[in-house]
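The values are calculated or read from the model by the stated rules, or taken from the named source; none is laboratory data. Note that the coordinates shown come from a computational prediction; the quantities given were computed from them, not determined experimentally. Ideal geometry is used to build each Cβ from the backbone, glycine not excepted, and the neighbour counts take in all protein chains shown.
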């Protein structure tokens with residue numbers, strides 16, 4: 001792809017680094033921005049810059065937040081005895097959209113994946129174990145995607161939490177094997193949360 005402008009080429013190259021954006025799509029997006037008023041592009045760049053510089057991770061659940069404690073963790077109406085373990089912010093949003101879970105979350109920041117060099121120490125599993133060790137949590141719901149990496153992570157967490165007096169459950173398999181949580185429709189995901197089962201039962205399947 002030949003460019004008549006180095007500035008255009010640089011913009012396309014940066015845009016093309018985004019997931020799912022090829023160079024042709026990147027070129028179309030950049031040219032679209034060029035047609036817009038300068039202020040609109042400035043608003044976009046300022047929003048992205050502020051997001052990158054000022055965004056925080058909730059010190060309690062590791063969810064993305066503007067302040068030290070996210071809105072969910074600050075909500076006094078949530079059930080502190082139940083915690084739902086998810087991979088990332090997209091899964092929190094998906095489960096919240098079902099309105100079927102009233103407890104707190106714990107965001108791992110990924111899944112165990114030896115192929116990608118991601119081990120337990122790269123996730124927030126140790127922090128989860130410390131929370132459970134405090135004794136206030138009565139149920140830990142494992143809500144990771146039913147992929148090989150998700151199942152591996154679930155089993156690792158199960159082994160870490162076995163010694164504690166906590167009810168360890170997993171979402172029902174209304175979510176097809178291989179599916180990611182964030183792509184499940186709200187009704188299916190909601191039912192999977194409501195019909196969760198003891199984790200040790202899932203090991204038999």
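When each of 103, 150, 135 is tested for being surrounded by 16 or more Cβ atoms within 10 Å (Cβ to Cβ) and either touching a strand residue (DSSP E or B) at 6+ places or on another chain (Cβ under 6 Å) or closer than 19 Å to residue 60 by Cβ (or both), the lone residue that passes is 103. Scanning the range 43-58 finds one or more residues that are in contact with a helix residue (DSSP H, G or I) (Cβ under 9 Å, 6 or more places away or on another chain) and under 22 Å from residue 122 (Cα atoms).
Look at residue 16 and say whether it is loosely packed, with under 11 Cβ neighbours inside 10 Å, at pLDDT 95 or above and within 30 Å of residue 66 (Cβ to Cβ). Answer is no for this residue. Taking residue 119 as the residue in question, decide whether it is free of Cβ contacts under 8 Å to residues at least 60 places away in the same chain and either crowded, with 18+ Cβ neighbours inside 10 Å or closer than 24 Å to residue 189 by Cβ (or both). For residue 119, the condition - free of Cβ contacts under 8 Å to residues at least 60 places away in the same chain and either crowded, with 18+ Cβ neighbours inside 10 Å or closer than 24 Å to residue 189 by Cβ (or both) - is not met. Please find, within the range 61-97, the residue that is surrounded by the most Cβ atoms within 10 Å (Cβ to Cβ) out of those that are without any contact (Cβ under 8 Å) to a residue 12 or more places away in the chain and not in a loop (DSSP other than H, G, I, E, B). Filtering the range 61-97 for residues that are without any contact (Cβ under 8 Å) to a residue 12 or more places away in the chain and not in a loop (DSSP other than H, G, I, E, B), the one surrounded by the most Cβ atoms within 10 Å (Cβ to Cβ) comes out as 65.
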